[in-house]
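*Asks:* Handing you this structure, nothing more for now.
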Amino acid sequence: MAGKTINIKLKIWRQAGENKPGKFESYEVNDVSVDMSFLEMLDVLNENELKKGNDPIHFDHDCREGICGMCSLYINGKPHGPKHGITTCQLHMRTFNDGETIVVEPWRASAFPVLKDLVVDRTSFDRIMQAGGYVTVSTGGVPDANEIAIPKTVADEAMDAAQCIGCGACVAACKNASAMLFTSAKVSQLALLPQGGAERKRRALAMVEQHDAEGFGACTNTGACEAVCPKEISITHIARLNREFTRASFSGNETDYQN
Amino acid sequence: MSLESKIPAGPLAEKWEKHKFNVKLVNPANKRKFNIIVVGTGLAGASAAATLAELGYNVDAFCFQDSPRRAHSIAAQGGINAAKNYQNDGDSVFRLFYDTIKGGDYRSREANVHRLAEVSTEIIDQCVAQGVPFARDYGGLLDNRSFGGAQVSRTFYARGQTGQQLLLGAYSALTKMVNTGKVKMHTRKEMLDVVTIDGAAKGIVTRDLVTGKVESHAGHAVLLCTGGYGNVFFLSTNAMASNGSAAWRAYKKGAKFANPCFTQIHPTCIPVHGDYQSKLTLMSESLRNDGRVWVPKDKKHAKITAAEAVKLPESERDYYLERRYPSFGNLVPRDVASRNAKMVCDEGRGVGVTGLAVFLDFADAIKRDGQKTIEAKYGNLFDMYKQITADNPYEVPMMIYPAVHYTMGGLWVDYNLSTNVPGLYALGEANFSDHGANRLGASALMQGLADGYFVIPYTIGDYIATLPLGQAVDKSNPAFAQAEKEAQARIDKLLNIKGNQTPDDIHKKLGHIMWEYCGMSRNKEGLEKARGMIQELRKEFNKDLKVIGANEELNMTLEKALRLEDFLELGELMVIDAHNRSESCGGHFREESQTEEGEALRQDEEFSYVAAWGYEGEGKDPSLTKEDLVFENVKLTQRSYK
C-alpha cells in the first residue's frame, strides 16, 4: 500500500551475552512506511541483516498489542519511546522524522541483566510476586462472586492498579532503578479489595523485602516511573504501598488487619 | 483403531457429578509421590499447575516466555461467559450449553459442553476470590455484557482486558505455589518433544532458549496447555511466538489430532496495511454490541475512506448484518459475521484503500448514549485503534476485516482430557473438545480455566491412581537419551542447510497458501492444489532455509525455524482434513455445500463425527479415525440467526 515513507538511522546496543562487552552499532533503514510499528521496522531491518549473513538484533516481543509486557526498548532515552501511555510495540514510525537518528538500548538495571542485545532477564519481577503478590486461596470452596459487594469506585481503582503489565519501564526510567511502581500496583490492588484484606500486612512486608533483595533501588518520589508507564499507573499506588508498609511495620499483628 | 471418548452414562445434567464420584482418587499423602509436567502457562496451564500443586502433586511448569504471566491468554479482551443469570434474563446452564453446541454448529460433544457450562459459574467465584477486579455496577455487584451468538447478557469482563486479569489471577495462584516449592517454574524453555516409554508419556525434551541446552524432564503425566496453531497462517491475531509445535510433536508420538481444519476467522480485526506486517490486531467482538457494521450499497462508493464515510447518506449505506439477520443483527456468531464481510468485499463493495475492509460505526451509539458512556465501555479499544491507524473512531467509523484468531481443532482428548497416549493430556485451546466448528466469543477463557481449575484436577486421578506407588520415572531409560538426540539432530539439520530464505520468507509463503485455499472459504480443487504447494514448500525449506548463529545462544531465528518446520507439516494436515470434510459447518465453509442463501450447509448423515488423524510415518498419508457424535439432548437444526 503506497503511503508516506521515511528514511531513518539507528544506533542499537549489541551485546553477545550476559557479562559480555557491548557497544552501539549503526544501521540505516530506508523507505520505512510511517504506518509501520517500531517493531515491524526492526523486523524489516532484521530480515535485511539476516540476508546479509549477520545475526539479527535480538529484542523481546510477543503479543504486539501492548498487553503481554514483553517488549522493552529504551528509545531515544525513554522507555517505550517518546510517546506517552504506550508500549514499544504500539509505537508507530509516524512518530519519527525523515532522516532522524534513533538510539535503541535495553532496560538498564542491575536487577535486569542483559541476556543478549536488547533482551533482559526480568525474573526478579516474578520473585517479587512470589513473595506475596496473591491471595492465599485454593481452587474451589470459595463464596459466590456476588456475596461481597464492592463499591464501583473501589473496584475501578483496583483495576487501575491491576492493569500493570510487568514490562519494567518504571525501573528503566528510575534513577535509582526502583521497582516501587511495579510492587505497589499489586499491593494496592489487593489492599483495595476485600479479598486481599486478610494478608495485607504480610504481603506489603514480604514484597518490599524481596524488592530490596533483588537489588532494586529505593523510591525517592521523582515520578519518572509514572511518566513512562505504558498503562499510566499512578504513583498514588506507591503512596498506598507506603501506608500499607508503615502500618504493617508498626503493627505486624494480623488480628487487626482492618485498621 | 477406535477411540473411546469415556463419556459417562446417564442423563446429561448428571454425567459430570456422577463421573467425579466414579473417577479413582489418589490419597492426599500419595499425591506428593507423583510429578506432573505442565507445558504452557496460559489460562489452562497456569490454572492446572496451581490447582494440581494445591492438591499435593509436584509440578514442573514450562513456558517459552520470560515469565508465565506473558502467555497469550493475556491478550483476550472482551470477556468470559458464565451461566450465573445475575441479570435475570433467562440464562441457565442448559442455555449456555445449548448456545455453545449450536454456535459450534453441532460438531462438539454434548457431555463436554454441558460440563463446561456447569463449571462456568465456579470460575467466576474463583476469580473474584483471587482478587480479579471484574467490572461492577454502582450497587457493587458484578456487571455483564452481551456477546455474539447469545441473546442473554452473561459475559463478565474487566474493561477491555479480561484475559489479562484472568491470567494474572491464575498467575498469582501459580506464583503462590512456586513460593511453597510445590511448583518448579522453568521460563524461556521451549518443548521440543514428548518422551514416551512403553506407549505412555513420561516426560518432555526442552531447549533452553538462552543457552541452547537440550535436556529432558521426567514426569508421571504430561499436560500440554500450549494454545492453538493459528500462526500457521503467518498473519493472525496470535502472539508472534505462539506455535503448534508441542501438539504437533505429540501427534508424531502417536496422539491423534482432531478436526485440524476448524479455524476461527475473527470478524473484527484491523485490516492488513502492508507486506511488512507480521501480526494482525484484534478489536474485541464486544464492539459489535454498539457498533453497526456496514458497507456502501453501491459499488461506485467502494474503497471510500472513513472520513468520506461520515458524509455518505443513510440511504446509501447497507447495514448488511442487520438486513440479513434481523433478530441477531450485528451480534451473529463470528463465522457468520466473517463470511458476510468477505461476501460484500468480494462483491466489490469493500472500503478503505485495499477494498478489503468494512465499517464498524459508533455514530448512532454515541448519539444515543453519549460519548462518555461509549468511552467508559470501550475507551482503551478506541485508543488502541487510533494508535494503530491514526483515525479517531469517536469521529469516523472504524474499518475492520476478518483475521485468523483461534483454532477449534487440536489434540483429540477423551472426557478426562486425556489424549489417546496414556499420561498425555491436552487442555485449553490445545485440545479440540468444546467448541465444535466455531467458538463463541468469551468462551475461550471459560474453557481454559474450566479445564485447568475444575476438570483436570479430578480426572487426572483416574490415571495416576493406576500407576505403581513410589516409583519415580527412570530418566536413565534410553527413551530420554534417544529423544534428546533426535531433538539435537533436528537443530543441527536446520543450522546446516545454509540456504538463502529466512524463516519468515518461507512462513509468509505458507501463510498465503493457507489463507487462499484453506481460509474463509474452501473447495475441493483449491485444497488439492494447496496440498501439493505445501509439499513443494517443505522441500524448499529443507534445501534453502537460512539460519544464522549457533544453537548455544539466544537465537530467535533458530526458534522460528523449529516452529516453522512443524507448521509446514501441520498445514498439510489441515488441508487434508478440510478436503475430507466436504460439508460446511461453522468456520469451515466448503463452497460445494451451502444453502440457497449462501449459509453453511451441514451434511449430518455423513459428517456428524470428529475426524481424528493419526501419524503413520514420514511421507505416508495420515490415518482417519472417526468418533461419532451422538446428540440426545439437542435437535440438530440448520443454524439460523435470522
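*Asks:* In whole angstrom, how far apart do the alpha carbon centroids of region B:138-166 and region A:112-166 sit?
*Replies:* If we compute the Cα centre of each part, the gap is 20 Å.
*Asks:* Taking each pair of distinct Cα atoms in chain B once, what is the resulting Kirkwood hydrodynamic radius in Å?
*Replies:* Hydrodynamic radius (Kirkwood, Cα only) of chain B equals 24.9 Å.
*Asks:* Taking 0.36 nm per residue of sequence separation and subtracting the Cα-Cα distance, how much length would be gained by fully extending the chain between B:Glu632 and B:Asp208, in nm to one decimal?
*Replies:* Numbers: separation 424, 0.36 × 424 = 152.64 nm, distance 4.83 nm.
Length gained between B:Glu632 and B:Asp208: 147.8 nm.
*Asks:* What ranking of B:Arg145, B:Arg188 emerges when the number of other C-beta atoms within 10 Å of each C-beta is taken as an exposure proxy, fewest first?
*Replies:* On the way: B:Arg145 18, B:Arg188 21.
Fewest to most other Cβ atoms nearby, the residues stand as B:Arg145, B:Arg188.
*Asks:* How high is the FRET efficiency between A:Lys9 and B:Asp364 when r is their beta carbon distance and R₀ equals 35 Å, given to the nearest 0.05?
*Replies:* Calculated transfer efficiency: 0.15.
*Asks:* Looking at region B:266-405, I'd like the Rg to Rh ratio, where Rg is from alpha-carbon atoms and Rh is Kirkwood's inverse mean 1/r. The partial results should precede the final answer.
*Replies:* Details: Rg = 13.8 Å, Rh = 14.9 Å.
So for region B:266-405, dividing Rg by the Kirkwood Rh gives 0.93.
*Asks:* Residue by residue through region B:358-367, what is 3J(HN,Hα) from phi via Karplus (6.51 cos²θ - 1.76 cosθ + 1.60, θ = phi - 60°)? Round to whole Hz and write x for glycine and proline.
*Replies:* Working through the residues one at a time gives 10, 8, 10, 10, 9, 4, 5, 5, 5, 5 Hz.
*Asks:* What distance in nm separates the simple spin-label points at B:Lys493 and A:Thr236, each placed 7 Å from Cα in the Cβ direction?
*Replies:* 5.9 nm
*Asks:* Quick one: which residues, 5+ away or cross-chain, put their amide H under 5 Å from the amide H of B:Arg136? H built at 1.01 Å from N.
*Replies:* Residues meeting the criterion, in which the H sits 1.01 Å from N, are B:Asp143.
*Asks:* Among B:Lys182, B:Lys626, which comes first, then next, by fewest other beta-carbon atoms within 10 Å? Working shown, then result.
*Replies:* Values: B:Lys182 19, B:Lys626 13.
Listing B:Lys182, B:Lys626 from fewest to most nearby Cβ atoms yields B:Lys626, B:Lys182.
*Asks:* I need A:His92, B:His405 ordered by Cβ neighbour count within 10 Å, fewest first.
*Replies:* Values: A:His92 22, B:His405 25.
Starting with the residue having the fewest Cβ neighbours, the order is A:His92, B:His405.
*Asks:* A further question on this structure: Which of the pairs A:Lys51/B:Lys546; B:Lys256/B:Lys626; A:Lys116/B:Lys176; B:Lys539/B:Lys620; B:Lys33/B:Lys475; B:Lys279/B:Lys509 have their Cα atoms more than 19 Å apart in this structure?
*Replies:* Working: A:Lys51/B:Lys546 8 Å; B:Lys256/B:Lys626 11 Å; A:Lys116/B:Lys176 30 Å; B:Lys539/B:Lys620 16 Å; B:Lys33/B:Lys475 16 Å; B:Lys279/B:Lys509 15 Å.
With Cα atoms farther than 19 Å apart: A:Lys116/B:Lys176.
*Asks:* Can you give the Rg/Rh ratio of region A:197-257, where Rg is from the C-alpha atoms and Rh is the Kirkwood radius? Present the calculation step by step, with values, prior to reporting the outcome.
*Replies:* Details: Rg = 13.0 Å, Rh = 12.8 Å.
For region A:197-257, the value is 1.02.
*Asks:* Here's a follow-up. What Kirkwood Rh does region B:473-547 have if only Cα atoms enter the pairwise 1/r average? Answer in Å. Can you show the working numbers first?
*Replies:* Numbers: mean 1/r = 0.0683 Å⁻¹.
So the Kirkwood estimate lands at 14.6 Å.
*Asks:* Here's something else I'd like to know. Multiplying the sequence separation of A:Lys23 and A:Lys83 by 0.36 nm and subtracting their Cα-Cα distance, what value in nm do you get? Walk me through the numbers on the way to the answer.
*Replies:* Numbers: separation 60, 0.36 × 60 = 21.60 nm, distance 2.57 nm.
Gain on extension, A:Lys23 to A:Lys83, equals 19.0 nm.
*Asks:* How far apart, in nm, are the 7 Å Cα→Cβ label points at B:Glu17 and A:Glu209?
*Replies:* A separation of 4.7 nm, rounded to one decimal place.
*Asks:* Still on this structure: Give the residues of region B:600-625 whose amide nitrogen is closer than 11 Å to a point set 7 Å from the Cα of B:Gln535 in the direction of its Cβ.
*Replies:* Residues B:619-621 qualify, since their backbone N sits under 11 Å from the label point.
*Asks:* Hey, any idea what Rg/Rh is for chain A, computing Rh the Kirkwood way over Cα pairs?
*Replies:* Working: Rg = 20.8 Å, Rh = 19.9 Å.
Here the Rg-to-Rh quotient is 1.05.
*Asks:* Would you work out if region B:1-99 is rounded, prolate or oblate? Take a ≥ b ≥ c from the square roots of the eigenvalues of the alpha-carbon gyration tensor; rounded if a/c is under 1.5, else prolate when a/b is larger than b/c, oblate otherwise.
*Replies:* oblate
*Asks:* Oh, and also: Considering Cα pairs under 8 angstrom that are at least six residues apart, work out the relative contact order of region B:494-639 and quote it in whole percent. Present the calculation step by step, with values, prior to reporting the outcome.
*Replies:* On the way: 176 pairs, mean separation 33.0, N = 146.
Result for region B:494-639 is 23 percent.
*Asks:* Just give me a number: lysine pairs in region A:142-259, eight or more positions apart or cross-chain, with C-alpha atoms less than 23 Å apart. Don't skip to the answer; put the middle values down first.
*Replies:* On the way: A:Lys152/A:Lys186; A:Lys152/A:Lys231; A:Lys175/A:Lys186; A:Lys175/A:Lys231; A:Lys186/A:Lys201; A:Lys186/A:Lys231.
Going through region A:142-259 pair by pair, I get 6.
*Asks:* I've got another one for you. When the Cα atoms of region B:478-607 are enclosed in a convex hull and the volume is divided per residue, what value in Å³ results? Provide the component values of the computation, followed by the final result.
*Replies:* On the way: hull volume 17.3 nm³, N = 130.
Value for region B:478-607: 133 Å³ per residue.
*Asks:* List the GluC sites (Glu not before Pro) within region A:161-240 that fall in a DSSP loop (any state other than H, G, I, E or B) and whose Cβ has at most 14 other Cβ atoms within 10 Å. Don't jump to the answer; show the numbers that get you there.
*Replies:* Details: sites: A:Glu199, A:Glu209, A:Glu214, A:Glu226, A:Glu232; in loops: A:Glu214, A:Glu232.
Taking region A:161-240 and a limit of 14 other Cβ atoms within 10 Å, the loop GluC sites (Glu not before Pro) found are A:Glu232.
*Asks:* Counting helices only, and only those DSSP H runs with n ≥ 4, report the 222 nm mean residue ellipticity of the protein assembly as shown as the sum of -39,500 (n - 2.57) divided by its residues, in deg cm²/dmol to the nearest 500.
*Replies:* Numbers: 27 runs with 317 residues, N = 901.
Calculated mean residue ellipticity at 222 nm is -11000 deg cm²/dmol.
*Asks:* Let me ask you something else. Over chain A, what is the relative contact order in whole percent, taking alpha-carbon pairs under 8 Å and six or more residues apart? Spell out each step's value before the answer.
*Replies:* Values: 456 pairs, mean separation 48.7, N = 259.
Reported relative contact order: 19 percent.
*Asks:* I would also like to ask the following. Looking at chain B only, what percent of DSSP beta bridges run antiparallel? Nearest 5 please. Provide the component values of the computation, followed by the final result.
*Replies:* Working: 44 of 63 bridges.
Given both bridge residues lie in chain B, the antiparallel proportion sits at roughly 70 percent.
*Asks:* Report for the protein assembly as shown the percent antiparallel among DSSP-assigned beta bridges with both residues inside it, nearest 5.
*Replies:* Numbers: 61 of 84 bridges.
In the protein assembly as shown, DSSP labels about 75 percent of beta bridges as antiparallel.
*Asks:* For region A:5-115, just run the numbers: alpha carbon Rg, then divide by 2.2 N^0.38 Å, N being how many residues it has.
*Replies:* Working: Rg = 13.5 Å, N = 111, 2.2 N^0.38 = 13.2 Å.
This ratio for region A:5-115 stands at 1.03.
*Asks:* Using a ≥ b ≥ c from the Cα gyration tensor of the protein assembly as shown (square roots of the eigenvalues), is it rounded, prolate or oblate, where a/c under 1.5 gives rounded and otherwise the larger of a/b and b/c decides, a/b for prolate? Let's see the in-between values first.
*Replies:* Details: a/c = 1.12, a/b = 1.05, b/c = 1.07.
Judged from the Cα gyration tensor, the protein assembly as shown comes out rounded (a/c under 1.5).
*Asks:* Same structure again: Note down the relative contact order for chain B as a percent, whole number, built from C-alpha pairs under 8 angstrom at least six residues apart. Walk me through the numbers on the way to the answer.
*Replies:* Details: 1432 pairs, mean separation 132.4, N = 642.
21 percent.
*Asks:* Apply the Karplus parameterisation 6.51 cos²θ - 1.76 cosθ + 1.60, with θ equal to phi minus 60°, to every residue of region A:102-108 and state each ³J(HN,Hα) to the nearest whole Hz, in sequence, with x for glycine and proline.
*Replies:* Rounded to whole hertz, the list is 10, 9, 10, 10, x, 4, 10.
No lab work stands behind these numbers, since they all come straight from the coordinates. Values in this document were obtained by computation on a predicted structure and should not be read as measured data. Every residue, glycine as well, gets a Cβ built from its backbone with ideal geometry; the counts of neighbours run over all protein chains shown.
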